[in-house]
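Read the structure below first, then the notes.
Throughout, read-outs are computed from the coordinates displayed, never taken from laboratory work. No experiment lies behind these values; they were computed from the predicted model shown. When we count neighbours, we look across all protein chains shown, and the Cβ atoms used for this are built from the backbone with ideal geometry, even at glycine.
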Amino acid sequence: MVNVMKGVLVEYSLMLPPLVLVFEFNPQDISRTRTITINAGNTPATRGGYDFALPTETSRVAQGVSVAPETFDITILLDATDRMDKGDKVAVAFGVEPEISTLRSMVEPKAQGPLGLQTLSSLGFGGSKAFDRDEHVSVLLFVWGTRILPVFITSVKIDEKAHLPSLIPYRAEATLSMQVIEGKNPFYEVETIRQIAGAALNTGQTVATAFGGLF
């Protein structure tokens, strides 16, 4: 039996209540990507980097190299079948349309009005003039297991799998691409500490295994 975990996307804003999507997905389906770009330009670097001999020269070797933020690709299942079987009135009438609308709202630029009333401001009811509003995409927190990462959703692809007689979907798969917001924020700083600790643990185990094999 496949172990199905729950994940959460929650909008990090002053809007009350914030946009929230709780979903089920198989953690084996998470694709994490980090890329670097090597741009030697007009430097004398050949074959991808400067010549070097000592570890002290590595900073010079890596000139012109930039690291892109980490990206995530996940596929999540939106399914109202169980709720429909239990007689949930919203599920019976609207299937997973509310969840799809939430995802669409998470990637739509919104105007930040007073007290974070984003929805009202976007609709023109926030009480501020149009030129006073600053439209921006949502900063989201991607939560799975014990991890919390700040992200932007860069792409949403929704495949509707089954429909009610009204053609409203009650089962759908959503493929999400996200970019981690790296830098000085409390969520990414915690992740950095986790990453350093995990690497240290791996190094310790590797060294212990290597030395253990010598005796």
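The table below gives the values:
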read-out: For M15, M5, order by how many other beta-carbon atoms lie within 10 Å, fewest first; value: M5, M15
read-out: Burial order of peptide ranges 94-103, 63-72 (average beta-carbon count within 10 Å, highest first); value: 94-103, 63-72
read-out: Counted charge near F142, where neighbours are those whose Cβ lies closer than 15 Å (Asp, Glu -1; Lys, Arg +1); value: -3
read-out: Within-15-Å neighbourhood charge of R34 [Cβ basis; K, R +1; D, E -1]; value: -3
read-out: Integer Hz, Karplus 6.51/-1.76/1.60 couplings in order for segment 192-201, x for Gly and Pro; value: 4, 4, 4, 5, 4, 5, x, 5, 5, 4
read-out: Kirkwood Rh and Cα Rg combined as Rg over Rh, evaluated for segment 134-180; value: 1.13
read-out: Amide H partners (placed H, <5 Å) of E70, local residues excluded; value: V180
